[in-house]
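The values are calculated or read from the model by the stated rules, or taken from the named source; none is laboratory data. Just so it is clear, the structure is predicted and the values come from calculations on it, not from any experiment. Positions of Cβ are backbone-derived with ideal geometry, glycine not excepted, and every protein chain shown enters the neighbour counts.
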Amino acid sequence: MEKFVYIALFAPLVGSLIAALFSTQPKTAFTGWFTSFMLAVSMYASLNLLHFVYTTDSIIQVNLFDWIVIGSLNIPFGFVVDQVSVVMMTVVTVVSTMVHIHSIGYMEHDKGFNRYFSYLSAFVFSMLVLVMSDNFAVLFIGWEGVGVCSWLLIGFWYHKESATWAANEAFIMNRVGDLGLLLGMFLIYWHIGSLQYDIVFAQISTLENSTLVWIAALLFLGAMGKSAQFPLHTWLADAMEGPTPVSALIHAATMVTAGVYLVIRSNELYTLVPEVGYAIAALGAFVAIFAASMALVNNDMKRIIAYSTLSQLGYMFVAAGLGAYWVALFHLATHAFFKSVLFLGAGNVMHAMDDELDIRKMGGLHNKMKATSIIMAVASLALAGIFPLAGFFSKDKILEAAFNADAIMLWAVLWITAGLTAFYSFRLVMKIFFGEQNYSNEEHHPHEAKNFVIAAMIPLAILAVIAGWFEHAFVEFVTKTLPTWEASNLNHSTAWILILVTSAVAIGGIAVAVIKYRNGGFSKSWENTFIYKLLSNQYYIPKFYENFISKPYYAMSVWLWNVIEVKLIDASIDGLAHLVNKLGVKARPIQTGNLSSSLRLMVLGLILGLVFALVLSVL
Amino acid sequence: MTLNAYLILSTILFCIGLIGVLRRKNVLMLFFSTEIMLNAVNVGLAAISKFHGDLSGQIFAFFIIAVAASEVAIGLGLLILWYKRTGSINLDDIAVMKG
C-alpha cells in the first residue's frame, strides 16, 4: 500500500513540474490534460487508500527520509494515512481533479494556460503534504506551500493591480496567522521535545494547563489566518480576484479548511482545554452570522459565495470547538463538494456573461444555461441544508452539537444564520438564473459551457447530493481516530424538533428569496438605510484596516525611510566612505611615481626598522 | 684573517651599494649598486659559513648569485625596451605611477 501513498502524493508534483517546463510557451492543451490525468491518478490512489483503510482498519505510516536530525531534534519527512487524513486526501483529490478538468474549459483562451496548471497542481501537492504529514514541521511546509500557491493564483492576472493587491493581502494576513502557528509549534517542541503527532498527543496531558491554553490559542491563531476567521477574514473575499476555478478549489473546498483540519488533528489538545474550545466555537458562530449578513447585500457573485464559505467555516469551527470533531470533518467534506460546484457554476456564468460579476446585470439565464442553472440550484439547496442533500446532514449535526452543549446562544446564532444562508443562496440563484433579464442581447450572448466542463461538475454535484447519506459509515470510520461524539443530552423528540425547526428556517429563507426576487426584489429605498450601507461596506472593516493599520504603517515606514534609513544609516555609511576618500586624497602626494625617492623612503624605513629592533633588543 | 674582518668588508661593501642606490639616477648604475649589495651579503654568508663549518651559508650564496643573474637578465631586457621607447634611462623620467 505504501506505493499508493507515494503515487497519491507525488503524481500532482510530477504534473506540476512537467507543466512548468512549458510555462513560458503559448497554450498547449497537453499540459491541461496531462495535469488532470496526474490528478486523476492521485485520486485513484487516494480512493484505493480509502478503501484499504476502511476495510482493514490499519494505518499506513511511511518515512520518506530523515529531514532534520540535530542532537535530540529529529524531524523525518514522514507521512501518515489514517482515517482523518485519508478523508481529507479523498476530498482534496476528488475536488481538484474536477477543478482541473473544469479549468481546461475555463482557461481556454488565457495566455498563461500552462503556467496556471503548473500552479494548480503544485497547490494540490502542497495540500496533500499538509494533510498527510505525520508531524507539525512537515505540516508547516505544506501550510506555507499552499500559501504560496494561493498567492500565485490570486495574483495570476498580475497585470491587474487589484489582483496583485489581493494576492499580497492574502499572503500578509496569512503571515500573521503563521506566526501563531510557528510559536505554537515552538512551545510544543519546548515542552515535549518532539513534533511527531503521536508522541506529542501521547504526552500532551502531562503539561500544565496554562501551557496548554497557550499552545491551543497559538495553533488556533494559525488556523484563523488560513481559514479566514475574524479578524483575519478580509483576505478571503478579496481573493476572488483569482480565476474562478481557483476560488472553487483553494478558497472554498480545500486550503481554507486547513485551519479546521489543524484543529481536528490536534483534538487531543483541544479536548484538554474546553475553555479555548468554547472560545473557538463562539468565534465561529460570530463569523458564521457576520459573514452571512455581508453576503445578504453583496452584488458580486463570487463575493457572495466567498462570504458563504466564510460563514460555513464558522460552522465548522463551532463543531470543532465544542468537541464534535467528526461533525466538523463531515461538514468540511460535504461543504467542499457543494461549495466547489457553486464556484465552478459561477465560473460558467462569468464565461457566458463576458466576466460580468454583478448579479444585478444578469437574470433569466436559466433558459440559456440549463445545466449550470440546475447544478447550481442543487448545490444551493445543499448549502441551505435541505433534506436529503449533503448540507442537511452535516449542518444539522452542528446545530445539534451547539444545542447539546447547552450553548443556546450559539445555537440561536447558527439557527438564524441557517435562514440567512438559505436566503442569500437563493437570492443568488434567483438573480442570476431567474427573474427578468437585466442585460441587453447586443451586449452579451450567454451560452452554455462545453460538455466536458459540465461533465466535470456533475460528479461533484452528485456528491453534494448524496454525501450526507453515508453519515453512519463516515462516523464509524473516522471515530476510530477522532473522539466519538453524540448528542447525549438530547432525547429523541428534541432532536426531531431541532431538525424540523432548522429545516423550517432554511425553507423559509428560500421561500422569502424566491417570492421576493420573483417580484423584482427589494425596493430601492432599502439601499439608503444605514444597515444596508453597513453591510455592503462589510461593516467598514476593510476601511478600518486601511485607515488604522495600513496607513499608519505606511506613514511609519515612510518616516523610517526618511529619518532612520536616509539620515541615520545611509548618512553614517556614506560618511565612512567619504572619510576614506578624503584620506586618500590627502595621502596622494606620497605617490610621486619617482623610483629614486621611493627607494630613499624604503631605505629610511629599513633604518627605522633596524633602530626599532635595536631599541627592542636593548630593552 | 678573522671573521670580523670579513664582516667589516661585507658591511662596507653593503654601504657602498646602498649609497649608490640612493644617489645614482642612472638605472644601469642602480643595477650595479644592487649587485654590490647582494654580493656584500654573499661575502658575509660565505664567511660565516666557513666559521661555523656549515655549508648551507655558501649554498645560499650560490642561490643568491643565480637569482641575481636572472634578475639582471630580465631587468636589462626591460631597460633596453624602456630605452627604445623613451630614449632615456634616467630614473626621474620614469614616473608613470604618479598618483
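Select from region A:489-500 the residues that are part of a helix (DSSP H, G or I) and among the polar types (S, T, N, Q) and list them in ascending order. Selection gives A:S493, A:T494. Residue count for region B:66-85 satisfying the condition of being surrounded by fewer than 13 Cβ atoms within 10 Å (Cβ to Cβ), closer than 16 Å to B:N39 by Cβ and of a type outside the set (S, T, N, Q): 3.
Checked against the criterion of being buried (at least 21 other Cβ atoms within 10 Å of the Cβ) and either touching a residue at least 40 places away in the same chain (Cβ under 8 Å) or more than 30 Å from A:G520 (Cα to Cα) (or both), the candidates A:Y439, A:Y424 yield just one match: A:Y424. Flag not set for B:L45, criterion: within 14 Å of chain A (Cβ to nearest Cβ) and either surrounded by 15 or more Cβ atoms within 10 Å (Cβ to Cβ) or within 27 Å of A:L604 (Cβ to Cβ) (or both). Set side by side, the residues A:F52, A:F77, A:F65, A:F37 differ, and just one is in contact with a helix residue (DSSP H, G or I) (Cβ under 9 Å, 6 or more places away or on another chain), surrounded by fewer than 24 Cβ atoms within 10 Å (Cβ to Cβ), without any contact (Cβ under 8 Å) to a residue 24 or more places away in the chain and over 21 Å from A:W151 (Cα atoms), which is A:F37. Being at pLDDT 90 or above and crowded, with 21+ Cβ neighbours inside 10 Å is true of A:A11. Among the helices (runs of 4 or more DSSP H) confined to region A:507-619, the ones with at least 3 residues that are loosely packed, with under 11 Cβ neighbours inside 10 Å are located at A:551-559, A:571-587, A:595-618. Scanning region A:456-488 for residues that are without any contact (Cβ under 8 Å) to a residue 60 or more places away in the chain and either part of a loop (DSSP other than H, G, I, E, B) or aromatic (F, W, Y) (or both) yields a total of 2. Which one is surrounded by the most Cβ atoms within 10 Å (Cβ to Cβ), of the residues in region B:86-99 that are part of a loop (DSSP other than H, G, I, E, B) and within 7 Å of chain A (Cβ to nearest Cβ)? Checked region B:86-99; the qualifying residue surrounded by the most Cβ atoms within 10 Å (Cβ to Cβ) is B:I94.
Of the residues that make up region A:512-524, is at least one more than 22 Å from A:M294 (Cβ to Cβ), of a type outside the set (K, R), away from chain B (no Cβ under 14 Å) and without any contact (Cβ under 8 Å) to a residue 40 or more places away in the chain? Yes: region A:512-524 contains one or more residues that are more than 22 Å from A:M294 (Cβ to Cβ), of a type outside the set (K, R), away from chain B (no Cβ under 14 Å) and without any contact (Cβ under 8 Å) to a residue 40 or more places away in the chain.
Scanning region A:340-399 for residues that are more than 27 Å from the chain's Cα centre (by Cα) and of a type in the set (A, V, I, L, M, F, W, C) yields A:A352, A:M353, A:M362, A:L365, A:M369, A:A371, A:I374, A:F387.
Out of A:G180, A:G142, A:G147, one residue alone is over 17 Å from A:T254 (Cβ atoms) and assigned to a helix (DSSP H, G or I). It is A:G180.
Taking region A:240-310 as the region of interest, the helices (runs of 4 or more DSSP H) fully inside it that hold 2 or more residues being among the polar types (S, T, N, Q) and either surrounded by 24 or more Cβ atoms within 10 Å (Cβ to Cβ) or touching a residue at least 24 places away in the same chain (Cβ under 8 Å) (or both) are A:244-248, A:267-272. Of all residues in region B:67-85, none are in contact (Cβ under 8 Å) with a residue 12 or more places away in the chain, more than 23 Å from B:R23 (Cβ to Cβ), more than 14 Å from chain A (Cβ to nearest Cβ) and not polar (S, T, N, Q). One residue alone among A:I188, A:I154 is surrounded by 23 or more Cβ atoms within 10 Å (Cβ to Cβ) and over 15 Å from the mean Cα position of the chain (by Cα), and that residue is A:I188. For region A:191-208, residues that are surrounded by fewer than 17 Cβ atoms within 10 Å (Cβ to Cβ) and in contact with a Phe, Trp or Tyr (Cβ under 8 Å, 6 or more places away or on another chain) total 0. Of all residues in region B:5-31, exactly one satisfies the criterion of being more than 15 Å from B:I89 (Cα to Cα), at the interface with chain A (Cβ under 9 Å from one of its Cβ atoms) and touching a residue at least 12 places away in the same chain (Cβ under 8 Å), namely B:L18. Across region A:109-153, the qualifying residues are those that are in contact (Cβ under 8 Å) with a residue 60 or more places away in the chain and touching a Cys at 6+ places or on another chain (Cβ under 7 Å), and the one among them that is nearest to A:V256 (Cα to Cα) is A:F123. The single condition among (1) in contact with a His (Cβ under 8 Å, 6 or more places away or on another chain); (2) surrounded by 22 or more Cβ atoms within 10 Å (Cβ to Cβ) that A:V131 does not satisfy is (1). Among the residues of region A:317-330, those identified as touching a Gly at 6+ places or on another chain (Cβ under 7 Å) and surrounded by 24 or more Cβ atoms within 10 Å (Cβ to Cβ) are A:F317, A:V318, A:G321, A:L322.
If you go through region A:579-600 and keep only what is among the small types (G, A, S), over 12 Å from B:R23 (Cα atoms) and facing another protein chain (nearest Cβ under 8 Å), you end up with just A:G593.
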